[in-house]
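A quick write-up on the structure given underneath.
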Amino acid sequence: MNFQLTEEQKAVQMAARDFARNELLPGVIERDEHQKFPKEQIKKLGELGFLGMMVDPKYGGSGMDSVSYVLAMEEISKIDASTSVCMSVNNSLVCWGLETFCNEEQKQKYLTPLASGQALGAFLLSEPEAGSDATSQRTTAEDKGDYYLLNGTKNWITNGSSADYYLVIAQTYPDKKHKGINALIVHKDWPGVTVGAKENKLGIRGSDTHSIMFQDVKVPKENRIGEDGFGFTFAMKVLAGGRIGIAAQALGIASGAYELALKYSKERKAFGTEISNHQAVAFKLADMATAIEGARLMVIKAAWTKDQGQDYTLSASMAKLYASEIAQWVTNEAVQIHGGYGYVKEFHVERLMRDAKITQIYEGTSEVQKIVISRTVLK
Ligand code: CAA
């Protein structure tokens, strides 16, 4: 078994690390405080090929493997999880979904600008009353012959106001339940599309999370993804890959907080010596490093499984469950090691602790991951 990264993977990791330190670190506290979307930074990420990392270069992507993607996600998330969620949604949910399930015409029209960073995408599944229970879609896409008439409200939409294109999951045949759902490509600037107020969040405050309302939006039939009624399967397949991205985000938040705590523990003195010389702190660091190593192995294994063309649903959910749980705990320990300094913004760990929480909620709560995992292990 080979645990070595390739030269190309190491180069991607370094490029993402440099970008995070040089472009994201300055201003990250201010963006968090003022809920400012990292517009310029996202534009640069797109120019560097980080928004369509796994997409074929013939559609404007970087043609990289999923392992490279999670390495980049970890590095970006160490510094700025508000930026990395935007990157994750565009790469995993939007671009991967379009490349895997769209026809050639749709790929030329939508995938190419989205993968090359000229446009940004969002994925619209959650609703006020359909979060974990994703089959209960209330948004309707009524079949009107050559178009669908879209009505309803979507909630908690990452890139809600910044995206150019939305992938919208909506019910066409309510009596068919999840088999009557479609996935539609919708332009944000079409008549009848309204972007609701920005959510004022605990963490990832730089990302723009909105409700999106549709009122009698006419969506041409050619904007449906896949066969009639394929929408729910589309959403589930796309989310399995998305969970690898969020697992990598959680890993990055944890490792970012750990690295800060490690450095601080070697500088800060108490009781006559650096605090890292106290076993109370050294043992915390040992536990944090061990948990992070476990999460990293799981995240890379999930990405590798996807690269091998094998079923990655289980490994993705396990990686997300574990990485998000340890991110919660590791960031909390990092604040504890910093003491009072950890509780103020300048030391970054309080932000990472707040950011960690969302990784247990979006793209399927920890409980949803346990549904997926338990169903597989009990089969
Ligand atoms: N691939 C393909 N098909 C799948 C699938 C997968 N991974 N998972 C489920 N399905 C299919 C099932 O086979 C089933 O089809 P059949 O009836 O034909 O067999 C159908 O989907 C319904 O599946 P279930 O019966 O398992 O459905 P359920 O109601 O019991 O729910 C669930 C399953 C796992 C809880 C699912 O609803 C779920 O994943 N919920 C969470 C949704 C979620 O992750 N939302 C995140 C929003 S996006 C986001 O957060 C982005 C962001 O902003 C960062």
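The values are calculated or read from the model by the stated rules, or taken from the named source; none is laboratory data. In this text, all values refer to a predicted model and were calculated from it rather than measured experimentally. Here the Cβ positions follow ideal geometry from the backbone for every residue, glycine too, while neighbour counts run over all protein chains shown. For the accessible areas, the whole protein counts, side chains as well, though only heavy atoms, and no ligand, DNA or RNA atoms are used. Shrake-Rupley method; radii C 1.70, N 1.55, O 1.52, S 1.80 Å.
Given the condition within 16 Å of the ligand (Cβ to nearest atom), touching a strand residue (DSSP E or B) at 6+ places or on another chain (Cβ under 9 Å), open to solvent by 30 Å² or more (accessible area, probe 1.4 Å) and within 30 Å of V330 (Cβ to Cβ), answer yes or no: does some residue in segment 73-89 qualify?
If we filter segment 73-89 for residues that are within 16 Å of the ligand (Cβ to nearest atom), which is where we start, we get 73, 76-77, 80-89.
Subsequent filtering for residues that are touching a strand residue (DSSP E or B) at 6+ places or on another chain (Cβ under 9 Å) retains 85-86, 88-89.
The next check asks that each one be open to solvent by 30 Å² or more (accessible area, probe 1.4 Å); those that pass are none.
No: segment 73-89 contains no residue that is within 16 Å of the ligand (Cβ to nearest atom), touching a strand residue (DSSP E or B) at 6+ places or on another chain (Cβ under 9 Å), open to solvent by 30 Å² or more (accessible area, probe 1.4 Å) and within 30 Å of V330 (Cβ to Cβ).
Specify which of the listed residues (K144, K176) is of a type outside the set (G, A, S), over 19 Å from the mean Cα position of the chain (by Cα), within 12 Å of the ligand (Cβ to nearest atom) and open to solvent by 20 Å² or more (accessible area, probe 1.4 Å). Outline the logic, then answer.
Working: K144 fails: within 12 Å of the ligand (Cβ to nearest atom).
That would be K176, the only listed residue that is of a type outside the set (G, A, S), over 19 Å from the mean Cα position of the chain (by Cα), within 12 Å of the ligand (Cβ to nearest atom) and open to solvent by 20 Å² or more (accessible area, probe 1.4 Å).
Reported count of residues in segment 123-172, each being closer than 19 Å to V94 by Cα and part of a strand (DSSP E or B), is 14.
Here is a yes/no grid of residues against (1) free of Cβ contacts under 8 Å to residues at least 24 places away in the same chain; (2) open to solvent by 40 Å² or more (accessible area, probe 1.4 Å); (3) assigned to a strand (DSSP E or B):
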site: P191; (1), (2), (3): no, yes, no
site: G242; (1), (2), (3): no, no, no
site: A254; (1), (2), (3): no, no, no
site: K263; (1), (2), (3): yes, yes, no
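Please indicate, with yes or no, whether at least one residue in segment 346-362 is in contact with a strand residue (DSSP E or B) (Cβ under 9 Å, 6 or more places away or on another chain), within 26 Å of E199 (Cα to Cα), touching a residue at least 12 places away in the same chain (Cβ under 8 Å) and within 16 Å of the ligand (Cβ to nearest atom). Yes, segment 346-362 contains at least one residue that is in contact with a strand residue (DSSP E or B) (Cβ under 9 Å, 6 or more places away or on another chain), within 26 Å of E199 (Cα to Cα), touching a residue at least 12 places away in the same chain (Cβ under 8 Å) and within 16 Å of the ligand (Cβ to nearest atom). Screening D208, D228, D287, D216 for residues that are in contact with a strand residue (DSSP E or B) (Cβ under 8 Å, 6 or more places away or on another chain), open to solvent by 40 Å² or more (accessible area, probe 1.4 Å) and within 30 Å of S315 (Cα to Cα) leaves exactly one candidate, D228.
Looking only at residues of segment 90-105 that are open to solvent by 10 Å² or more (accessible area, probe 1.4 Å) and of a type in the set (S, T, N, Q), we find that the one that is farthest from the ligand (Cβ to nearest atom) is N103. The sole residue among L51, L25 that is at negative phi and more than 13 Å from the chain's Cα centre (by Cα) is L25.
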